[in-house]
Amino acid sequence: MRIVHVVGARPQFVKLAVLVRAVDADAGLDWQQVVVHTGQHYDESMSARFFEEFGLAPPARNLAVGSGPHGAQTGQMLAGLETAFAELAPDLVIVYGDTNSTLAGALAAVKMGIPVAHVEAGLRSFNRAMPEEINRVATDHVADLLLAPTREALAHLEREGLAARSHWVGDVMADAVLRASDRARRDSEARVRLGLAGRRFALATVHRAQATAPAVLAGLLQALDECARDFDALVLPLHPRTRAAIQALDPDWQAPPGWIVCEPLGHADMLALVQDAAVVLTDSGGLQKEAFLLGTPCVTLREETEWTESVLAGGNVVAGLAPGSVVNALHRLLACAPSRSALAALAADCYGQGQAGARIVAALIAFREGRDDD
Ligand code: UD1
């Protein structure tokens with residue numbers, strides 16, 4: 001069987017690495033794995049660095065689509081993927097998460113009659129203003145095999161009439177975190193490099209369209225500054241979109257005292273900082289989960305989350321984007337978050353103890369056998 005993995009954006013490289021490794025680890029499989037990169041993320045710090053860090057071969061193809069309005073970006077991906085699939089003749093295409101690359105990979109494949117598996121299926125924010133929500137819903141409804149990371153995600157798929165194609169497998173990001181966090185803590189030099197040794201710090205990230213809109217971003221930066229006063233430092237690794245949005249807002253912007261603003265970090269460095277941070281403030285889905293798995297309390301800078309387990313566990317407060325509610329959420333969380341070990345144990349229960357990669361391989365084998373029987 002020839003599998004083509006379609007990826008394009010930073011969080012997908014983490015998920016890809018787990019699955020490539022799980023397939024390679026099964027000595028009984030003679031599956032060929034090919035990676036096609038759409039080029040949605042192209043900065044070294046957002047893309048190539050992760051292939052190196054995870055020991056992945058560079059992608060067989062890079063469509064170099066780059067940035068653009070959603071329709072144009074997705075359309076260019078569709079055209080490029082159609083050509084790539086025609087040449088590579090995959091038996092199965094695997095797509096990850098909820099980005100424009102996910103939707104393009106799924107659509108291009110189904111239109112060519114190629115079966116599609118969706119890793120991280122069934123997540124819902126129920127906010128249709130998010131491009132990611134449209135990508136998830138559309139991908140789930142065209143894909144052939146839906147691999148749900150949580151019981152809640154599986155329940156969403158069942159409610160949408162997709163039960164026959166759906167399996168609970170656990171979360172591949174839990175596999176990545178459980179595998180890499182001890183080594184990250186030991187080996188990462190990020191704390192020393194950023195001057196954080198011995199300091200109590202908050203770790204913040206912001207990248208989504210909703211948070212980087214000019215009117216919202218200005219208030220959010222103020223809120224983060226108010227939050228920063230509770231700590232020795234606030235670390236903000238800057239996504240290129242956010243860097244550009246801050247520049248557009250105020251070309252003379254300077255990070256306030258106590259802030260440490262840096263380039264996007266590699267995965268091990270990020271895990272090391274999450275483990276040591278007093279709190280994480282983020283609009284990222286992946287980082288919410290990494291914080292939960294590592295027992296670090298999290299303030300979510302969005303109006304809703306797909307990852308509700310951490311909220312129910314008391315380790316995550318969905319603050320919205322209004323400055324006052326961000327600061328209130330932080331204070332509420334610091335006052336009553338459960339212990340780190342309690343949070344980490346609950347997270348491991350929710351996300352599958354690091355077995356998601358192996359479960360996905362089992363689901364792929366069963367899927368292939370089912371098709372061979374047809
Ligand atoms: C995308 C995903 C989002 C995911 C995120 C992870 C969609 C709709 N969104 O958002 O779900 O959480 O990736 O980062 O697919 N840019 C660069 N260099 C890069 C990449 C981006 O400069 O390597 C800048 C460009 O100005 C671009 C902007 O960032 O216009 C936004 O990039 P884009 O890929 O459209 O969306 P993300 O915000 O990264």
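Read-outs: derived from the displayed coordinates by stated rules, not from any lab. The structure presented is a predicted model; accordingly, all values stated were derived computationally and were not measured. We place every Cβ from the backbone using ideal geometry, glycine too, and count neighbours over all the protein chains shown.
Projected label points at THR83 and HIS141, each 7 Å from Cα along the beta carbon direction, are separated by 3.0 nanometres. Ranking of MET173, MET77, MET112 by neighbouring Cβ atoms within 10 Å, starting from the fewest: MET112, MET173, MET77.
The HN-Hα couplings worked out from phi for the stretch 232-249 by the Karplus form 6.51 cos²θ - 1.76 cosθ + 1.60 (θ = phi - 60°) are 6, 7, 10, 9, 10, x, 9, 5, x, 4, 6, 4, 5, 5, 5, 4, 5, 5 Hz, whole numbers, x standing for Gly and Pro. Ranked by how many other Cβ atoms sit within 10 Å of their own Cβ, fewest first, the residues THR83, THR139 fall in the order THR83, THR139. When the scattering of the stretch 156-219 is computed by the Debye formula from its Cα atoms alone, each counted once and equally, what is log10 I(q)/I(0) at q = 0.26 Å⁻¹? Computed log10 I(q)/I(0) values: -1.05. Angle between the Cα long axis of helix 214-228 and the longest principal axis of the chain, 0 to 90 degrees, nearest 10? Here the helix axis deviates by roughly 60 degrees.
Could you derive backbone 3J(HN,Hα) for the stretch 98-110 from the dihedral phi with the Karplus parameters 6.51, -1.76 and 1.60 (θ = phi - 60°), listing whole Hz in sequence and x where the residue is Gly or Pro? Once θ is set to phi - 60°, the couplings for the stretch 98-110 become 9, 8, 4, 5, 5, 5, 5, x, 5, 5, 4, 5, 5 Hz. For the pair ARG200 and GLU263, the difference between a 0.36 nm per residue extended length and the Cα-Cα distance amounts to 20.6 nm. Over the stretch 108-208, the Kirkwood radius and the radius of gyration, each from Cα atoms, give a ratio Rg/Rh of 1.13.
Panel values: the chain, Kirkwood radius from alpha carbon pairs, Stokes-Einstein at 20 °C and 1.002 mPa s, translational diffusion coefficient 102 µm²/s.
What do you get for the angle between helix 323-336 and the principal long axis of the chain? Use alpha-carbon atoms, 0 to 90 degrees, nearest ten. Helix 323-336 sits at roughly 90 degrees to that axis. Compute the relative contact order of the chain as a whole-number percentage, counting only Cα pairs closer than 8 Å that sit 6 or more residues apart in sequence. Value for the chain: 15 percent. Diffusion coefficient of the stretch 177-350 by Stokes-Einstein, Kirkwood radius over Cα pairs, 10 °C, 1.306 mPa s: 99 µm²/s.
Close amide H partners of HIS207, meaning residues 5 or more places away or on another chain with modelled amide H under 5 Å apart, are ASP283. Here's how it looks for VAL318: its modeled amide H is under 5 Å from those of THR300, which are all 5 or more places away or on a different chain. Taking packing as the residue-averaged number of other Cβ atoms within 10 angstrom, the listed peptides 141-151, 90-100 run from highest to lowest as 90-100, 141-151.
Both radii are taken from the alpha-carbon atoms of the stretch 1-90; with Rh as the Kirkwood radius, Rg/Rh is 0.98. Taking amide hydrogens as placed 1.01 Å from N in the peptide plane, the amide H of GLY8 sits under 5 Å from those of THR38, each at least 5 positions away in sequence or on another chain. Helix 267-276 versus the longest principal axis of the chain: what angle, 0 to 90°, nearest 10, using Cα atoms? Helix 267-276 sits roughly 40 degrees off the main axis of the chain. Applying the Karplus relation 6.51 cos²θ - 1.76 cosθ + 1.60 with θ = phi - 60° to the stretch 31-46 yields 3J(HN,Hα) values of 7, 9, 10, 10, 10, 10, 9, 6, x, 4, 9, 9, 4, 3, 6, 9 Hz, where x marks Gly and Pro.
Residues of the stretch 197-211 with an amide N closer than 12 Å to a point placed 7 Å from the Cα of ALA248 along the Cα-to-Cβ direction: 209-211.
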